[in-house]
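The values are calculated or read from the model by the stated rules, or taken from the named source; none is laboratory data. Treat the numbers as computed from the prediction; the structure is a model and nothing was measured. As a convention, Cβ positions derive from the backbone with ideal geometry for all residues, glycine included, and neighbour counts pool all protein chains shown. What goes into the accessible areas is simple: the full protein's heavy atoms, side chains included, and nothing from ligands, DNA or RNA. Shrake-Rupley method; radii C 1.70, N 1.55, O 1.52, S 1.80 Å.
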Amino acid sequence: MAPLRFSANLSWLFQEEADLPGRFRAAAAAGFQAVEVAWPYNCEAAELGAVAKSCGLQVVLVNTPPGKTENGEMGLGAVPGCQLEFQKGLTLAVSYAKELDCKRIHIMAGCIPAGWDRKSVAAEMESTFVENLKFAASVLEQENIIGLLEPINNRITSPRYYLNTPQHAVTILQKVGSPNLKLQVDIFHLQIMDGNLTQNIQTYFPLIGHIQIAQVPNRDEPDNPGEVNFPYLFDVLEKLEYEGFVGCEYSPQGGTVEGLGWLQLYWKNKGLLTKDANRNDITKRSLGGERP
């Protein structure tokens, strides 16, 4: 079984660094060969592309812009009346993805607008989301980019987020009917909303285009005490021959590097680390970029 490939989510990890280029360099120094960034738009795409290339990093995921965060927006995909803004945001995300040679974009559904009731607006938001996703699919297909839908829990993280369960996400995907739209599974959100992780992963595996991890309930390192047995889940994914990336999207309890013991152990057990003849520490041998 091929080992899993992990990407550092730079919106969460390496916050010790003052800027995003610094986080790229820190991730590479820690042994990562892949990174993902929710919203890289405060930096020039060309600058990030140059840093990624110089560090030997593959950028594997960006998100569509969130909209007006000061108004509580978390994407615009399903928000009625925001179709033009959604299209502009998608254009920006695609331009960054092309510059970074990134092949996956998380298309954020967004939140139920303030003052609106979830039940009363559900049908309108679904039709808006389907309409926007059909537009997005046509754009992304031309660029050979995969669009991803991620259910985000509304019990802890975002009570007003529109898309909350994998079942709902799959229903939306079926209504759009595009092969270049897939499911993004964050184990943190999935455990909170539905649990039954093994069955859910196996059931939705053909649709999964990206996975993210964090321990539950504190959204910290996978080896911290919590509800999820990550060594078991990693074995499940290996047996399913998962070839995508596993994004490390968690908040370290302490320093980022100090909290990577779980990943160093995984790499060591898979034979991906070796003693450097000229150094006393363990160094990277092969952490898996694109598969041959």
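Using packing as a proxy for protection, rank 216-225, 74-83 so that the peptide with the highest average count of other Cβ atoms within 10 Å comes first. Before the final figure, lay out the partial values.
Values: 216-225: 17.1, 74-83: 22.2.
Per-residue Cβ counts within 10 Å, averaged per peptide and sorted highest first, yield 74-83, 216-225.
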Which residues qualify? For Ile146, with a placed amide H closer than 5 Å and at least 5 residues away or on another chain, they are Arg104, Ile105
Once both label points are put 7 Å beyond Cα along the C-beta direction, the Ala122-Gln167 separation in nm becomes 1.1 nm
Result: in the chain the number of Lys pairs with C-alpha under 23 Å apart, spaced 8 or more or on different chains, is 22
With label points set 7 Å from each Cα along the Cα-to-Cβ direction at Arg155 and Ser95, the distance between them in nm comes to 4.1 nm
Within the under-14-Å Cβ sphere about Gln174, not counting Gln174, Lys/Arg +1 and Asp/Glu -1 give a net charge of +2
Zone reached by a paramagnetic label modelled 7 Å from Ser54 Cα along Cα→Cβ, restricted to segment 1-36 with backbone N below 17 Å, covers 17-30
Taking a probe of 1.4 Å and leaving out DNA, RNA and ligands, segment 75-137 shows per residue an accessible area in Å² of 44 Å²
Of the convex hull drawn through the C-alpha atoms of the chain, the volume per residue in Å³ is 134 Å³
Most packed first (mean Cβ within 10 Å per residue), the peptides 113-122, 147-156 order as 147-156, 113-122
In the chain the accessible area split gives carbon plus sulfur, as whole percent at 1.4 Å, a share of 49 percent
Residue by residue through segment 143-151, the couplings from Karplus 6.51 cos²θ - 1.76 cosθ + 1.60 with θ = phi - 60°, in Hz, x for Gly and Pro, are 9, 6, 10, 8, x, 10, 10, 10, x
Heavy-atom accessible area of Thr128, protein chains in place, probe 1.4 angstrom, given in Å² to nearest 10, is 10 Å²
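Please state the charge dipole magnitude for the chain, taken about the Cα centre, from unit charges on C-beta atoms (+1 on K and R, -1 on D and E), reported in debye and rounded to the nearest 20. Please report the intermediate quantities before stating the final value.
Values: 25 positive and 33 negative charges, 93 e Å.
Around 440 debye, computed over the chain.
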With Rh as the Kirkwood radius over Cα pairs, segment 51-120 has Rg/Rh of 1.10
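Put Asp101, Asp186, Asp235 in order of accessible area, largest first, 1.4 Å probe: what do you get?
On the way: Asp101 100, Asp186 5, Asp235 50 Å².
Heavy-atom accessible area, descending, gives Asp101, Asp235, Asp186.
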For the pair Asn180 and Arg25, the simple spin-label estimate (label points 7 Å beyond Cα toward Cβ) gives in nm 3.5 nm
Residue span Met1 to Lys239: 0.36 nm per residue of separation minus Cα-Cα distance leaves a gain in nm of 85.0 nm
Check: C-alpha center segment 4-79 vs C-alpha center segment 180-253, spacing in Å is 20 Å
